[in-house]
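Accompanying notes for the structure given below.
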Amino acid sequence: MHRILIVTPHRKSLDAFAGYLEESIDVQVAWAESGQAAIADVMKHPPLGVVIDENLLDMPGLDLVRRLLPINALINTVVISELPHEAFHEASEGLGVMAQLPPQPTPEDARSLLERLKRMASVTIAQPRN
């Protein structure tokens, strides 16, 4: 079972996105509302990936990415951000962020994320049957 941690204080806005991930047979979705909670979770249960909201209760999302790097530089991170693509790329440069997601990611965004994770991590993740 592959674990994906979603870090956001706005869980409701990610219901459709998380729902698609949870339908995947080999994926378990976990939630955290703050950067500190996410760090504690990652240290106990290393995830395949972490989806991070751009604004958390206690820090900006990219600050969490910076804090995760020394814990495990191989964690795949994805950040939800309203920034234009070029501005986001510049702000996240050197952090190894795998992807940027829109503020309300869709099931299609979840499908795309699973495909990228499969390719990058060489793991098997069964897609939902639709």
Check your understanding: Each label point is 7 Å from the Cα along the Cα-to-Cβ direction; what then is the distance between the points at ILE71 and LEU57, in nm?
Key -> 1.5 nm
Review point. Under a plain spin-label model, where a point goes 7 Å from the Cα along Cα-to-Cβ, how far apart in nm are SER112 and GLU22?
Key: 2.3 nm
Revision key, fill the gap. Checking GLY94, GLY35, GLY61 against a Gaussian network model of the chain (alpha-carbon springs below 10 Å), the top fluctuating residue turns out to be GLY94
Revision key, fill the gap. Taking the chain, the whole-percent share of alpha-carbon pairs separated by over 20 angstrom is 38 percent
Check your understanding: Taking the Cβ-Cβ separation of HIS45 and HIS89 as r and a Förster radius of 30 Å, what is the calculated FRET efficiency to the nearest 0.05?
Key -> 0.50
Study note, to complete from the structure: Of ALA16, ALA40, ALA99, the most mobile residue in a GNM of the chain (C-alpha springs, cutoff 10 Å) is ALA40
Practice item. Report, for segment 44-108, the % of DSSP beta bridges that are antiparallel, rounded to 5. Key: 10 percent
Revision key, fill the gap. Fewest-first ordering of ILE71, ILE52, ILE4 by Cβ atoms within 10 Å yields ILE71, ILE4, ILE52
Revision key, fill the gap. Percent antiparallel among DSSP beta bridges confined to the chain, rounded to 5, stands at 5 percent
**Study point:** Residue-averaged [θ]222 nm for the chain, counting only DSSP H segments that reach four residues, each worth -39500 (n - 2.57)
**Key:** -11500 deg cm²/dmol
Exercise for review: Could I have the simple spin-label model distance between TRP31 and MET120, label points 7 Å from Cα toward Cβ, reported in nm to one decimal?
Suggested key: 2.4 nm
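Values quoted throughout were computed directly from the atomic coordinates according to the rules given, and no laboratory measurement underlies them. Quick caveat: nothing in here was measured; it's all calculated off a predicted structure. Cβ: placed from backbone, ideal geometry, glycine included. Neighbour counts: every protein chain shown.
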